[in-house]
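Novice: Structure provided below as structure tokens; questions to follow.
The values are calculated or read from the model by the stated rules, or taken from the named source; none is laboratory data. The structure displayed is predicted, hence computed values, not measured ones. Using ideal geometry, Cβ is built from the backbone for each residue, glycine included, and neighbour counts are taken over all protein chains shown. Each accessible area value is taken on the protein alone, full model and side chains, heavy atoms only, with ligands, DNA and RNA left out. Shrake-Rupley method; radii C 1.70, N 1.55, O 1.52, S 1.80 Å.
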Amino acid sequence: QKEVEQNSGPLSVPEGAIASLNCTYSDRVSQSFFWYRQYSGKSPELIMSIYSNGDKEDGRFTAQLNKASQYVSLLIRDSQPSDSATYLCAGSGGSNYKLTFGKGTLLTVNP
Amino acid sequence: NAGVTQTPKFQVLKTGQSMTLQCAQDMNHNSMYWYRQDPGMGLRLIYYSASEGTTDKGEVPNGYNVSRLNKREFSLRLESAAPSQTSVYFCASQRGGTYNEQFFGPGTRLTVL
């Protein structure tokens with residue numbers, strides 16, 4: 001199993017819908033998790049971090065972590081065309097705190 | 001507070017030329033990283049520096065060298081550029097310890113002809 005895997009997409013949702021992005025991970029990256037948003041031609045921007053089981057909400061974004069099932073997800077409520085971007089999932093584990101990134105999921109929100 | 005800065009933004013090299021990519025952070029972070037991003041390959045770690053005075057290889061270190069000049073600055077050097085090194089290069093910094101979010105610079109788009 002790859003250390004961090006994302007559903008490859010692309011994902012297309014209508015404006016106002018909920019976009020759901022998912023990520024699974026291996027035992028090697030089981031401590032902390034992060035979601036980054038990357039617009040085309042730009043650098044990754046941190047939007048959420050989650051360290052413990054359960055949900056974490058920040059505005060329209062909710063990160064969910066389930067360590068028993070080894071998955072982490074990002075929900076975007078009331079999706080806007082400005083949310084159209086590639087979303088990267090990242091995890092870290094062990095003592096060196098390096099991040100391992102998934103390959104990303106391209107989200108398109110259609111007006 | 002500029003965060004993470006990188007220079008240059010764009011560069012075109014001929015095969016065999018050398019160059020150094022510069023990265024600086026003003027967040028007093030301990031760890032710094034160099035990644036490359038290629039279509040379909042995601043972000044791949046080239047080298048990292050967990051703290052001032054230390055550097056370690058990442059996933060794809062061949063053809064690169066790094067220098068952690070001080071706590072703020074971490075440079076990436078291509079000694080003899082090859083077309084396979086055409087990519088977008090990102091520098092990132094991380095506070096370290098239990099706070100391991102990484103923050104990225106704007107990137108350098110490098111083309112090797």
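Novice: Condition first: of a type outside the set (D, E, K, R) and open to solvent by less than 60 Å² (accessible area, probe 1.4 Å). Now tell me which residues in segment B:28-46 satisfy that.
Specialist: Matches in segment B:28-46: B:29, B:31, B:32, B:33, B:34, B:35, B:37, B:42, B:43, B:45, B:46.
Novice: If you check residue A:111 against the conditions, is it touching a residue at least 40 places away in the same chain (Cβ under 8 Å), more than 9 Å from chain B (Cβ to nearest Cβ) and more than 26 Å from residue B:107 (Cβ to Cβ)?
Specialist: In short, yes.
Novice: Could you say whether any residue in segment A:57-71 is aromatic (Phe, Trp, Tyr), under 20 Å from residue A:103 (Cα atoms) and open to solvent by 40 Å² or more (accessible area, probe 1.4 Å)?
Specialist: Looking for residues that are aromatic (Phe, Trp, Tyr), under 20 Å from residue A:103 (Cα atoms) and open to solvent by 40 Å² or more (accessible area, probe 1.4 Å), one finds at least one in segment A:57-71, hence yes.
Novice: Exactly one condition in (1) closer than 30 Å to residue B:5 by Cβ; (2) open to solvent by less than 60 Å² (accessible area, probe 1.4 Å); (3) not β-branched (Val, Ile, Thr) is not met by residue A:40; state its number.
Specialist: The single condition residue A:40 does not satisfy is (2).
Novice: Related question: Test of understanding: among A:85, A:68, A:63, A:90, which residue is among the aliphatic types (A, V, I, L, M) and over 28 Å from residue B:4 (Cβ atoms)?
Specialist: Only one candidate qualifies: A:68.
Novice: Another question about this same structure. What is the one condition in (1) open to solvent by less than 60 Å² (accessible area, probe 1.4 Å); (2) more than 14 Å from the chain's Cα centre (by Cα) that residue B:49 does not satisfy?
Specialist: Looking at each condition in turn, residue B:49 falls short on (2).
Novice: Any idea how many residues of segment B:69-113 are charged (D, E, K, R), more than 9 Å from chain A (Cβ to nearest Cβ), assigned to a strand (DSSP E or B) and within 22 Å of residue B:11 (Cα to Cα)?
Specialist: 2
Novice: Need pairs with beta-carbon distance below 6 Å; first residue closer than 17 Å to residue A:62 by Cα and within segment A:1-27, second acidic (Asp, Glu); sequence gap 6+ or separate chains.
Specialist: Short answer, once both residue conditions are applied: A:16/A:78; A:24/A:5.
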